[in-house]
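> Here it is, the structure, as structure tokens.
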Amino acid sequence: MSDTLHFRRIRPQEGELYARFVHDFYASDGVDHPIPAEYIQRAFAEICRGDDYLICYILEENGDPAGYALLAKMYAQEAGGMAIWLDEFYLDPAFRGRGIGAAFLQWLRQEWEPQVARFRLEVVPSHDRVKAMYARAGFLKMPYDQMVLETPLEREKS
């Protein structure tokens, strides 16, 4: 990794930076829908609570925040061990095309591989450039359709 790049865990006092990056991510073409601000606040509270299952990294170039990565830890029986879900990965447009994303993926693998059986992520189908970056990093397309079932959690909290 270049001396100009640094990947570190987010700090509790960086809530505004986190919220800005997440807002920008959900307003980008990397996702297909926005999320309520309350979800961002809740996620940041979980990140600050501990790293049992949710970890956020800030990606920096020359000391400037360039983006973030949100990881979720889980056990994956089909992989035979712990899996890291790269739930969100965002680079500010001003920092794209410099190899930061590829460097982070390489660093992430080196940092976690001894403890993890699988890394997993999802990508919007139209993001060919991003999919190519993931493929160069060793990610393979899985033959699954992703499905979700939303629960009434939000309605109960209202």
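Bear in mind that the values in this text are calculations on the coordinates, not laboratory data. Being a predicted model, the structure only gives us computed values, none of them experimental. Using ideal geometry, Cβ is built from the backbone for each residue, glycine included, and neighbour counts are taken over all protein chains shown.
> Quick one: go through the stretch 57-81 and flag any residue whose amide nitrogen is under 15 Å from the point 7 Å out along the Cα-to-Cβ line of GLN115.
57, 71-76, 81
> Please list 3J(HN,Hα) in residue order for the stretch 95-110, calculated via the Karplus relation 6.51 cos²θ - 1.76 cosθ + 1.60 where θ = phi - 60°; whole Hz, with x for glycine and proline.
Going residue by residue, I get 10, 6, x, 10, x, 5, x, 5, 5, 5, 4, 5, 4, 4, 4, 5 Hz, with x marking Gly and Pro.
> Further question on the same structure: Can you give the helix-only mean residue ellipticity at 222 nm for the chain, where every DSSP H stretch with n ≥ 4 adds -39500 (n - 2.57) and the sum goes over all residues, rounded to the nearest 500 deg cm²/dmol?
Result for the chain: -10000 deg cm²/dmol, rounded to the nearest 500.
> Please get the size of the charge dipole for the stretch 90-158, origin at its Cα centre, with Cβ charges of +1 on Lys and Arg and -1 on Asp and Glu, quoted in debye to the nearest 20.
320 debye
> Now for a different question. Can you give the charge dipole size of the stretch 1-128 about its Cα centre, rounded to the nearest 20 debye, using +1 on the beta carbon of Lys and Arg and -1 on the beta carbon of Asp and Glu?
The dipole magnitude comes to about 280 debye.
> A follow-up question, please. If R0 is 22 Å, what FRET efficiency do you get for ARG98 and GLN13 from their C-beta distance, rounded to 0.05?
Plugging the Cβ-Cβ distance into 1/(1 + (r/R0)^6) gives 0.25.
> About the Cα centre of the stretch 1-51, what is the dipole size in debye to 20, counting +1 per Lys and Arg Cβ and -1 per Asp and Glu Cβ, all else neutral?
Charge dipole, the stretch 1-51, about its Cα centre: 240 debye, nearest 20.
> Among [x] 12.2; [y] 8.3; [z] 10.3, which one is mean projected area of the Cα convex hull in nm² computed from these coordinates?
[z]
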